[in-house]
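What follows is a set of notes on a single structure, which appears directly below.
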Amino acid sequence: MTQERLSEPHAISALAALAQPTRLAIFRLLIKHEPVGITAGVIADTIGAPHNTLSSHLAILVRAGLLRSTREGRTIIYRSNVEGMRALISFLVSECCDGHPELCNLVAADAAACCAPAPKARSPKKVVKRKD
């Protein structure tokens, strides 16, 4: 999936890839670890997937344009393909809300809320007792 408009067959492929519980768990795990990514071994251990089936799940997600992999030495790091996810979401909402722009704003607000930076933790204020 590229920055160009996603075709219907590619959208169907991506949605079909995510319609399987293990692949959905993999995708959600890798989104959480973006932009660093993680190895197949860590993915398998985290979601409890057998190593012998994990590679086929990863390959399906890569072909669907939802994941990408890079080799770092002898290790393969898997990352979510944020552009692929963005293209899929854009495809799904591209004809949304015909004549009702206020509904599209709700979709945009939900997307912005999930990607907002986490609020900074405040340190507790020191209480100073006054001497009378």
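The values are calculated or read from the model by the stated rules, or taken from the named source; none is laboratory data. Owing to the predicted nature of the structure, the values given are computational and were not obtained by experimental measurement. When we count neighbours, we look across all protein chains shown, and the Cβ atoms used for this are built from the backbone with ideal geometry, even at glycine.
I'm trying to understand the selection: among the residues of the stretch 25-54, which are touching a residue at least 12 places away in the same chain (Cβ under 8 Å) and either out of contact with any helix residue (DSSP H, G or I) (no Cβ under 7 Å at 6 or more places or on another chain) or not in a helix (DSSP H, G or I) (or both)?
As a first pass, look at the stretch 25-54 and keep what is touching a residue at least 12 places away in the same chain (Cβ under 8 Å): 25-27, 29-31, 33-40, 43, 46-47, 49, 53-54.
Correct list: LEU30, ILE31, HIS33, GLU34, PRO35, VAL36, GLY37, ILE38, THR39, ALA49, THR53.
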Quiz item: Listed residues ALA16, ALA11; which is surrounded by 12 or more Cβ atoms within 10 Å (Cβ to Cβ) and touching a helix residue (DSSP H, G or I) at 6+ places or on another chain (Cβ under 6 Å)?
Solution: ALA11
Exercise. Report, by residue number, each residue of the stretch 40-73 that is surrounded by fewer than 17 Cβ atoms within 10 Å (Cβ to Cβ) and on the phi > 0 side of the Ramachandran plot.
Key: GLY48, GLY73
Quiz item: Has the stretch 74-88 got any residue that is exposed (fewer than 13 other Cβ atoms within 10 Å of the Cβ), free of Cβ contacts under 8 Å to residues at least 40 places away in the same chain and either out of contact with any helix residue (DSSP H, G or I) (no Cβ under 8 Å at 6 or more places or on another chain) or basic (Lys, Arg) (or both)?
Solution: yes
Quiz item: What single numbered condition from (1) within 29 Å of SER7 (Cβ to Cβ); (2) at pLDDT below 90; (3) assigned to a loop (DSSP other than H, G, I, E, B) fails to hold for ASP132?
Solution: (1)
Quiz item: Out of all the residues in the stretch 48-81, which are closer than 15 Å to VAL36 by Cβ and under 16 Å from the mean Cα position of the chain (by Cα)?
Solution: LEU67, ARG68, SER69, ILE77, TYR78, ARG79, SER80, ASN81
